[in-house]
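See below for the structure under consideration.
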């Protein structure tokens, strides 16, 4: 059996493929971003997941993950996976390569991830040739779920929205006080996930004028900070992967046209395309 994983900061999509029948089994765990989780936590999560049942049969693992761009961070994932799948060959790559392989296959293009976080690259059909650093939710990730959520929360706490939006938010999150927000952002683990959850509320209220304006600002920053920094960026078709890219694609397509960027594909998650890529490799 081969195992293919696409891991963001929030969740990991796993596909277990029977090499004889090509039957595919779907499994989900939390995200394994090495900036926020260590080897022991990864091993513990795997041990209580459905993957524990078939781990001895897995002969090869292709893991694509957020935060795996450096050898130091990818080794955290490598070590945990090797301990758990001790009969398998482990291959750990950055989630940008997963996105590129999923939407571009063997063709060159400009590739972006917009989910909990954000990242982009130029892809030559085989490897990533250029990457504008994403910098994470505090210093970057413009256009991501965490970025949208953070900007919404700042505006909400500064009383920028209508009474109607404030009431809707309080109804949706009845136990969320100022102290709980500050504690989650500054003291608790995974503040990026905490902030990204509010992007769902933002999406549900896109008809509100101020929320629509907030989305437009965030997506413009995504293009200005990332896409427009690549030389000759208008010469490439832009492919996007991720839940934010998928759900906010009307905003993205409209803003892309103002930068004269042609959108090619937008998909919610790359995992099923990755399965096809590896089966046909």
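Please report Rg (one decimal) and Dmax (integer) in Å for the Cα set of the range 155-270.
Reported Rg and Dmax, both Å: 16.5, 49.
When Rg/Rh (Cα atoms, Kirkwood Rh) is calculated directly from the model, which label among (i) 0.99; (ii) 1.05; (iii) 0.93 fits?
Identified label for the calculated read-out: (i).
Give the peptides 81-90, 177-186, 229-238 in descending order of average Cβ contacts within 10 Å, highest first. Can you show the working numbers first?
Details: 81-90: 17.0, 177-186: 12.1, 229-238: 14.5.
So the peptides 81-90, 177-186, 229-238, ranked by packing, come out 81-90, 229-238, 177-186.
In what sequence do 72, 142, 160 fall when counting other Cβ within 10 Å, fewest first?
Numbers: 72 8, 142 24, 160 14.
Listed from fewest to most nearby Cβ atoms, that is 72, 160, 142.
So how far, in whole Å, is the C-alpha centre of the range 190-236 from the one of the range 153-189?
19 Å
Kindly list the residues of the range 133-149 that lie in the label zone of residue 224, defined by a backbone N under 16 Å from the point 7 Å along the Cα-to-C-beta vector.
In the range 133-149, the label zone of residue 224 (backbone N under 16 Å from the point 7 Å along Cα→Cβ) covers 140-144, 148.
What percent of all Cα-Cα pairs in the range 1-132 falls in each 5 Å bin, counting up from 0?
With 5 Å bins starting at 0, P(r) equals 2, 11, 21, 24, 19, 14, 8, 2, 0.
Take peptides 214-224, 3-13, 60-70 and line them up by average Cβ neighbours within 10 Å, highest first, as a rough protection proxy. Please report the intermediate quantities before stating the final value.
Details: 214-224: 19.7, 3-13: 24.5, 60-70: 22.9.
Put in order of decreasing packing, that is 3-13, 60-70, 214-224.
Which values of log₁₀ I(q)/I(0), to two decimal places, follow from the Debye formula for the range 195-253 at q = 0.17, 0.19, 0.25, 0.27 Å⁻¹ with a uniform point scatterer at every Cα?
Cα-only, vacuum Debye calculation for the range 195-253: -0.62, -0.75, -1.13, -1.24.
The numbers here are math on the coordinates, done by the rules we state, and not lab data. What you see is a predicted model; the values in this text were computed from it and never measured. For neighbour counting, all protein chains shown are included, and Cβ atoms are generated from backbone atoms with ideal geometry for every residue, glycine included.
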